[in-house]
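Novice: Okay, handing you the structure first.
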Amino acid sequence: MPVDLHYRGRTIHRALDEDLYEAVEPAKFPRHILRFRNQRWAERVGLGGLTELEWEGHFARFSPLPDNLERPLALAYHGHQFDVYNPHLGDGRGFLFAQLEDDAGRILDLGTKGSGQTRWSRGGDGRLTLKGGVREVLATEMLEALGVSTSKSFSLFETGEALFRGDEPSPTRSSVLVRLSHSHIRFGTFQRLFHLEHADAMRKLVEHVVEHYFPDLQDRSDLPSALLARVANVMANLAASYTIAGFVHGVLNSDNMNVTGESFDYGPYRFLPKVDPSFTAAYFDHGGLYAFGRQPTAILRNVRRLGDSLRLTSPSLAVGDAIASFESEYARRLGERFVARLGVASAGPETDTHFAKTALAFLADSPVGYDNFYFDWAGGAASTQRALEGGARAVYEVAGFSPVRDLMELYVPRCTAMLATPYFQRSEPVTVLYDVIEKIWSRIDRADDWDDFDRHIAAIRSLGAARCVV
Ligand code: AMP
Ligand code: MG
């Protein structure tokens, strides 16, 4: 059976102006070796029943899904890259392959990375390295397990080509990734229409985004202003999620900002070994523009740019007013995300935020690994014995930790079952730190051994399963 009753195609992107996309041909690859199939999400969108051959047909050869796009669409956009405006962007190695609804009625896109050249390739080969694909799968699985709003890795095929890259020993292996995303509309999509002064297309885009992604705003008299305020809020949530996940995206350019507030596009990212505001992920980020501690500012700067673009059709739009709640929303979400990751019940928004800030300040001056702290203190004070029996005991006994410990006493486990789950029987937390990824990759690279990769994904999912979401 190719697709099941849950499958519903929804090709809404075709309703937008034609100059926002261009139909393209997928690359033809010499080989199609399946390396990752996200069965969990496939089932949620009615594609869980695909046979291996059907999966390969759709996600490596890109034959269209039923009731869906007949030809893939490369999307047009611009964006600020490291603060410099680039009007030559657009999908240079990817396309929108299909759009569908999940079992909760949300519209989701299947988009690609590494699927061939387009008019926006700018001399690039349109390909993705296998290591890049493996890194993105690990990032999305970990972020999802930590409760961050993120694109999902849906499928990864190795494609049998030899690629040359400056940042990997070359030749290196190739892959094609399919992502599942809640929209592919970037801040840069709006910036492009502003730049080209396409007012009609801008009006249509704003209506489209509100109708399909923020339908509760539809009755608002000033749509651009309502949309901007909402986007500021969802992006504040994303910024707080990164801080609590200890995640450094690396390339927070405005073309990598999804209007729905979903995180995506994982190139040179890093998870923090320990709290360090100056920690930078991309080796080419010489000025530390997107360092860990500067991510909220970088994201807010992009929200402001989105607001400036919306002024094309709303010259009186008060951008500053619309995004004024970013900081307070960030602080509120920081507390909310922190207690969620610790697996404790909220003690009230202000106390939660104070708790998060106190703990982060302590961790910035301590040798305790970020993942270790959350692992040791899962469930709050209920884990005191676990924490003090672990390797970081000495750190938790110093006087500087007392403010954190005092606050910990206010917190009880969000659900009693958490500490009894398989994940908390491990002796150490599962992480996606740089060295862990390099070890997984070296097994693949040297011996074509995928066991570590598969096992790691299972371990990450056990972390996700241990989270008690209420
Ligand atoms: P990214 O760094 O993946 O966000 O990409 C920035 C821009 O460069 C986008 O327009 C990409 O499509 C394009 N790009 C990056 N790498 C390649 C490549 N190997 N071939 C073609 N285009 C690329
Ligand atoms: Mg990108």
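Novice: For every helix of n ≥ 4 consecutive DSSP H residues, a contribution of -39,500 (n - 2.57) applies; sum these over the chain, divide by its total residues, and give [θ] at 222 nm rounded to the nearest 500 deg cm²/dmol.
Specialist: My calculation for the chain gives -12000 deg cm²/dmol from helical runs alone.
Novice: On to the next question. What residues of the stretch 334-352 lie in the reach of a label at V412, counting those whose backbone N is under 13 Å from a point 7 Å from the Cα along Cα→Cβ?
Specialist: 344-347
Novice: Can I ask one more? Set the Förster radius R0 to 51 Å, insert the Cβ-Cβ distance between E350 and R119 as r into 1/(1 + (r/R0)^6), and round the FRET efficiency to 0.05.
Specialist: Once rounded, the FRET efficiency stands at 0.50.
Novice: Ranked from the most accessible area to the least, with a 1.4 Å probe and all protein chains present, what is the order of E43, E350, E141?
Specialist: E350, E43, E141
Novice: Carbon and sulfur: what percent of the stretch 376-452's accessible surface (1.4 Å probe)?
Specialist: 51
Novice: Taking square-rooted eigenvalues a ≥ b ≥ c of the alpha carbon gyration tensor, is the chain rounded, prolate or oblate, where a/c under 1.5 means rounded and, failing that, a/b exceeding b/c means prolate?
Specialist: It is oblate, given that a/c is not under 1.5 and a/b is not larger than b/c.
Novice: I've got another one for you. Which whole-angstrom value gives the distance between the alpha carbon centres of the stretch 187-206 and the stretch 303-330?
Specialist: If we compute the Cα centre of each part, the gap is 15 Å.
Novice: Give the lysines reachable from K113 as a straight Cα distance under 19 Å; neighbours fewer than 8 places away on the same chain don't count.
Specialist: Answer for K113, where 19 Å is the Cα cut-off: K28, K131, K152, listed by chain and number.
Novice: Name the shape class, rounded, prolate or oblate, that the alpha-carbon gyration tensor gives for the stretch 305-412, where a ≥ b ≥ c are the square roots of its eigenvalues, rounded holds for a/c under 1.5, and otherwise prolate holds if a/b is larger than b/c and oblate otherwise.
Specialist: The shape class here is prolate.
Novice: Accessible area of the stretch 162-244 with a 1.4 Å probe: how many percent of it is carbon plus sulfur?
Specialist: 46
Novice: Give, rounded to the nearest 20 debye, the magnitude of the charge dipole that the chain has about its Cα centre when Lys and Arg contribute +1 at Cβ and Asp and Glu contribute -1 at Cβ.
Specialist: Roughly 340 debye for the chain.
Novice: Just tell me which aspartates and glutamates come within less than 20 Å, Cα to Cα, of K439; anything on the same chain fewer than 8 places away is out.
Specialist: Excluding near neighbours in sequence, the set is E136, E141, E158, D167, E168, D371, E428, D448, D449, D451, D452, D454.
Novice: While we're on this one: Report the FRET efficiency, 1/(1 + (r/R0)^6), for R311 and R14, where r is their Cβ-Cβ distance and R0 is 30 Å, rounded to 0.05.
Specialist: 0.65
Novice: Follow-up question, since we're still on this one. Given F187, G79, Y213, which one lies farthest toward the positive end of the charge dipole of the stretch 67-221, if we put +1 on the Cβ of every Lys and Arg and -1 on the Cβ of every Asp and Glu?
Specialist: Looking along the dipole axis, the top candidate is G79.
Novice: Among all helices in the chain defined by DSSP H, which have a length of 27 Å or more along the axis from Cα atoms plus a Kyte-Doolittle mean of at least 0.5?
Specialist: 223-245
Novice: With every protein chain kept in the model, how would you rank D321, D219, D448 by accessible area, 1.4 Å probe, largest at the top?
Specialist: D219, D321, D448
Novice: Would you please classify the overall shape of the stretch 246-347 from the alpha carbon gyration tensor, given that a ≥ b ≥ c denote the square roots of the eigenvalues, rounded means a/c under 1.5, and beyond that prolate means a/b larger than b/c while oblate covers the rest?
Specialist: Note, shape of the stretch 246-347 comes out oblate.
Novice: Further, regarding this structure: Excluding ligands, DNA and RNA, what is the solvent-accessible area per residue of the stretch 1-68 at a probe of 1.4 Å, expressed in Å²?
Specialist: That works out to 54 Å² for each residue.
The values are calculated or read from the model by the stated rules, or taken from the named source; none is laboratory data. All values derive from a computational prediction rather than experimental measurement. Because the Cβ atoms are built from the backbone with ideal geometry, glycine has one as well, and the counts that use them run over all protein chains shown. Just the protein is used for accessible areas: all its heavy atoms, side chains included, with ligands, DNA and RNA removed. Shrake-Rupley method; radii C 1.70, N 1.55, O 1.52, S 1.80 Å.
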